[in-house]
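The values are calculated or read from the model by the stated rules, or taken from the named source; none is laboratory data. Keep in mind it's a predicted model, so treat the numbers as computed, not measured. When we count neighbours, we look across all protein chains shown, and the Cβ atoms used for this are built from the backbone with ideal geometry, even at glycine.
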Amino acid sequence: MLEIVLLALLGLVSAVFGSIVGLGGGIIIVPALTLLGSQLTGETIEHPTAVGTSLAVLIVTALASTMTYAKKRRVDWRSGLLLFITSGPAAMIGSALTGHMKNGVFQLSFGIFMLLMAGLLVARDYMKPISKKWPITRTYTDDKGVEHHYGYSVLPALLIGFVVGMVSGLFGIGGGSLFVPVMVLLFRFPPHVATATSMFVIFMSSILGTGVHAYLGETNWWIVLMLVPGAWVGGKLGAYIATRMTGNALLWVLRVTFVLMAAQLIYEGTAAL
C-alpha cells in the first residue's frame, strides 16, 4: 500500500513541476526510479525501463497539461506541429538507443544533463530574446489584451525539434527544458505560449517514443498504472498554477532538486565505470 502511495505522489509532484516549466516531469521520474527503485517497488529498476516507463507516464501528463492550456488558448498548434515533424521520429531513435547505453554511462550522462538544465533554468532569468526578424511571423494576444509578436524559420525549428526529440527519447524526459528556453530566447515566444506549445509537442513525441520502448519490453506497466493518477492531476494542477503565477519559488526548488539528483547520478555513474 505504501508503495502505491509513494508512486502516486511521485507522479503528482513530477507532473506539477513539469507542467509549470514545460519539462513534462520525466526529468524527476527517471532519476527517482533509477536511484530509489528498490525502495519504491522492492526491486532495482534498470535505466531503459525507467526511461520507457517515464515516457509512458509523460503521455498522460502532457495531455492533461495541453488540455488545460488549450482552454486558455495558449497552444500554438501550427508551430507545435512543425516542431513535431522532426521531434517525433527523433524520439523514436533516442528510445531505441537507450538500452545500448551502459549503466554507468547513462547515469553519468543524465547527471551532467541535469546540471546543464539547472544552469539553464538559472541563466534564462538573465538572458534576453534576440532581436532577429524571422521569415515566419506569429501573433498572440494575452489575457490582458496585449499583443505579442514572435516568429521563426523552418530549418532552425526542425533542427531544434530533432535535437529535443532525441534527448527526450534517450532520457525519458519531455524535452521542454530545452524547448522552452530556445523558443523564448531565439524565436521570442511569449513564455506561457512556449510552455503550452512545448507540452503539446511532448504529448505527441512521447506516444512515438513509448511505442518503441514498449516494443523493446522496456516499460513497466504496473508502475505506469501507479504513476498515472498523480500525473493526470499534477499535469492539470501544474498548468493551472502556471496560468496564475510566474512559478519563481517553485523554479528554485526545482533547480536545487536538479543539482542534488545530478550529484548523486554523477557519483553512481562514475563509480560504475
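Structure summary
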{"item": "Verdict on Ser131 being in contact with a Phe, Trp or Tyr (Cβ under 7 Å, 6 or more places away or on another chain), exposed (fewer than 15 other Cβ atoms within 10 Å of the Cβ) and among the polar types (S, T, N, Q)", "result": "no"}
{"item": "Breaking point among (1) in contact (Cβ under 8 Å) with a residue 40 or more places away in the chain; (2) over 12 Å from the mean Cα position of the chain (by Cα), for Val180", "result": "(2)"}
{"item": "In segment 143-197, the residues that are in a loop (DSSP other than H, G, I, E, B) and either β-branched (Val, Ile, Thr) or surrounded by 24 or more Cβ atoms within 10 Å (Cβ to Cβ) (or both)", "result": "Val146, Gly172, Ile173, Gly174, Gly175, Phe189"}
{"item": "First in segment 99-112 and under 11 Å from Leu273 (Cβ atoms) and among the small types (Gly, Ala, Ser), second anywhere and surrounded by fewer than 17 Cβ atoms within 10 Å (Cβ to Cβ) and modelled with pLDDT of 85 or more, Cβ under 8 Å, 6 or more apart", "result": "Gly104/Thr270"}
{"item": "Residue that is buried (at least 21 other Cβ atoms within 10 Å of the Cβ) and of a type in the set (Ser, Thr, Tyr), where the choices are Ser109, Ser87", "result": "Ser87"}
{"item": "Failed item in (1) at pLDDT 75 or above; (2) surrounded by 20 or more Cβ atoms within 10 Å (Cβ to Cβ); (3) part of a helix (DSSP H, G or I), with Leu237 passing the rest", "result": "(2)"}
{"item": "Any chance Pro129 is part of a loop (DSSP other than H, G, I, E, B) and over 14 Å from Ser87 (Cβ atoms)", "result": "yes"}
